[in-house]
Amino acid sequence: MSPARSGSNFRIAIDTGGTFTDCVWLERGHVRMLKVFSTPADPSEAIAEALRKVGAPDSLIILHGTTVGTNTLLQRKGARVALVTTAGFEDAIEIGRQARPKLYDFFFDRVEPLVPVERRFGIEERTASDGKILHAASRKELAPLLKRLREAHPEAIAISLLFSFANPNNESAVAQACRSLALPISVSHEILPEFREYERTSTVVVNAYLQPVVQKYLENLARRAHSSRGKSNIFLMQSSGGITALTSAAREPVRTVLSGPAGGVVGAAAMARHSGFERIISFDMGGTSTDVALVDREIRTGSQAEIAGFPVGVPMLDIHTVGAGGGSIARFDAAGALRVGPESAGADPGPICYGRGTQPTVTDANLLLGRLQPHAFLGGEFTLDLERTRRMTGDWLKRQSCSLSLREFAAGVVRVVNANMEKALRVVSIERGYDPRDFTLVAFGGAGGLHACELAEALGIPRVIVPALPGALSAFGILVSDVVKDYSRTVLWRIAGKLPAELFEREFAILRRNAEKSFREEGWRGAINFRRSVDVRYRGQGYELNVPYSNTLAEDFRREHQRRYGYSYDNRELELVTLRLRAKIRTSQAKISPGSARKAQAAQKQKRKKAPVLFEGKKFDTSVYDRDVIPIGKRYSGPAVVTEYSATTVVSPGRSFWLDRAGNLMIAVR
């Protein structure tokens, strides 16, 4: 469904998280939102409930960010996959790169491959590195392969042959033969036509592993969302920061494994831009995890990521995730040290204060410190049980033989989880060669505002932005996302002087035609914007830096190398490794601002309440404000607690804050 054809339809963006499912939609020019508890056993149940509560019309468009792919990998509940590869390379996915994630851990267990050795099949064929076919797979060799595949009873097939990115003919022939088995097939040159056979094979195996599971989920979702009087069209958010059609997502689910967090980065960048800031660090703290990313004027993707221990080579936003969220469970380890996460209470049973949980979490700690107001959660629709939290946490501490008071324990939990999140922020900034003091921290997610000030202070970040609708910003980002498709091709050219402009234009023209064909087949209309870039390295290096394509490509690469690593060479030969094309169509929702979500009573006089809140072990008589009635432009001083429907923000003592014209809550930290 093209944006042109669907302009009259009701659009709703839905982001499924570990604790809440968030919905954002546009109604009479105003951005609306709803949060419902997630249903991990079948996420489509929560979506169906949300659509009933919203009162969605018969004909609607659903833009969806899902965690089904990620959870399937983490829980290893995917399909039974068979791998077909070049004879002699069956064990490449097990040998890997010989990298040791924990060099000094004697008890470290490496992640088992998704395909066991008995379901890896080699076929006699060979393509040379320059694309020349040295040995084609014959019918005589394909017949026994198909017989062995049938006997293995796979649910999906992954095909990854050596150097198929240089010439896909052999791989296409094997794929064509395997289609007679009537199973989902993932082919490496279609999903990732790039070099590095381990990463390419791992990516195509992950895709095959997810295909039947995601396909079933999407069919379920379509059935629940479908109205007998109308029709629901579903589009999915990709890990690269753009939406795609349902058919594309079902065919290549590996591109959706970080779809929810990607929506958050898009939303954070859009909201910060409304306030005049283009260099940001997004900080998304939800119920089960925290996702952080750095945006330096434009959102950039990376080509190498690792999900659940498996390399994935499709373009993804450079998002770093840690197991620290509002539902992260606190515990004491064998040595008596306080630990928080990565285990989470999730939505069921949830934190103690939700009424069913039995183990203390970060949310419980914030409630015990006074940072969360029991009667202001979800706009007063859900009351947090403070007495139950005090009683059960106290009993739990006694069982642990811990002498800490409730407040000391709660303060310790917050310090530990802050330390975990500070490490994550350092990974995407300092470890990438960026100074966090030059950026603005955009805090969102249900728990982001509770911890943002302390994290900004620790890293020297001068200001914090808590955008409108912070607890559903990922869903808002999905609502305003563009339609995006990414294409790549490994070329491995060496240059010492002038760039081979004609070669570039020829190869980029091929990628461009592929993009235009895909958009046309899916029915998208509108001007296509193309962004060309190249993965470049010095000759002899093992890894590349992605640089926008221009006449000054070599100089731009050396400048980026200097910024990232602290050195560069002026006369060393360069290798141009992979060409990348990002094709984008802007949607009609791209310029929406959620500042319009403020209530009509925003002009009313603010009725200030007071509550005791602990900061660094000291109790402060703290002002509590309702964000929806804070006047625009008026400055306030901390300490303060700012409540709203989807989140709570804590402002440290001595910090000033105000609401700007874009509807963003601005906090001056330095």
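The values are calculated or read from the model by the stated rules, or taken from the named source; none is laboratory data. All values derive from a computational prediction rather than experimental measurement. With ideal geometry, Cβ positions are generated from the backbone for all residues, glycine too; neighbour counts draw on all protein chains shown.
Quick look at the numbers
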read-out: Number of positions in region 103-141 that are at pLDDT 90 or above, among the small types (Gly, Ala, Ser) and under 19 Å from LEU83 (Cα atoms); value: 2
read-out: So VAL484, is it under 21 Å from ILE191 (Cα atoms), over 26 Å from the mean Cα position of the chain (by Cα), at pLDDT 90 or above and in a strand (DSSP E or B); value: no
read-out: In region 43-60, the residues that are within 21 Å of ALA249 (Cα to Cα) and either touching a helix residue (DSSP H, G or I) at 6+ places or on another chain (Cβ under 7 Å) or buried (at least 19 other Cβ atoms within 10 Å of the Cβ) (or both); value: PRO43, SER44, ALA46, ILE47, ALA48, LEU60
read-out: Among (1) assigned to a helix (DSSP H, G or I); (2) in contact with a Pro (Cβ under 6 Å, 6 or more places away or on another chain); (3) over 23 Å from LEU459 (Cα atoms); (4) not polar (S, T, N, Q), the one test that HIS375 misses; value: (2)
read-out: Check on ASN233, on the phi < 0 side of the Ramachandran plot, at pLDDT below 90, in the same structural domain as GLY55 (by TED's automatic domain parsing) and not in a strand (DSSP E or B); value: no
read-out: Residue within region 397-404 that is crowded, with 20+ Cβ neighbours inside 10 Å and modelled with pLDDT of 90 or more present; value: no
read-out: Hits in region 522-548 (condition: assigned to a loop (DSSP other than H, G, I, E, B) and among the charged types (D, E, K, R)); value: ARG525, ARG539, GLU544
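The rows are residues; the columns are (1) among the polar types (S, T, N, Q); (2) buried (at least 20 other Cβ atoms within 10 Å of the Cβ); (3) under 20 Å from VAL362 (Cα atoms); (4) not assigned by TED's automatic domain parsing to the domain that holds ARG580.
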{"residue": "MET271", "(1), (2), (3), (4)": "no, yes, no, yes"}
{"residue": "ILE280", "(1), (2), (3), (4)": "no, yes, no, yes"}
{"residue": "MET285", "(1), (2), (3), (4)": "no, yes, yes, yes"}
{"residue": "SER289", "(1), (2), (3), (4)": "yes, yes, yes, yes"}
{"residue": "VAL295", "(1), (2), (3), (4)": "no, yes, no, yes"}
{"residue": "THR301", "(1), (2), (3), (4)": "yes, yes, no, yes"}
{"residue": "GLY325", "(1), (2), (3), (4)": "no, yes, yes, yes"}
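To keep it simple, each residue is scored yes or no on (1) surrounded by fewer than 19 Cβ atoms within 10 Å (Cβ to Cβ); (2) touching a strand residue (DSSP E or B) at 6+ places or on another chain (Cβ under 7 Å).
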site	(1), (2)
SER488	no, yes
LEU492	yes, yes
PHE508	no, yes
SER518	yes, yes
PHE530	yes, yes
VAL534	no, yes
GLY540	yes, no
THR552	yes, no
GLU555	yes, no
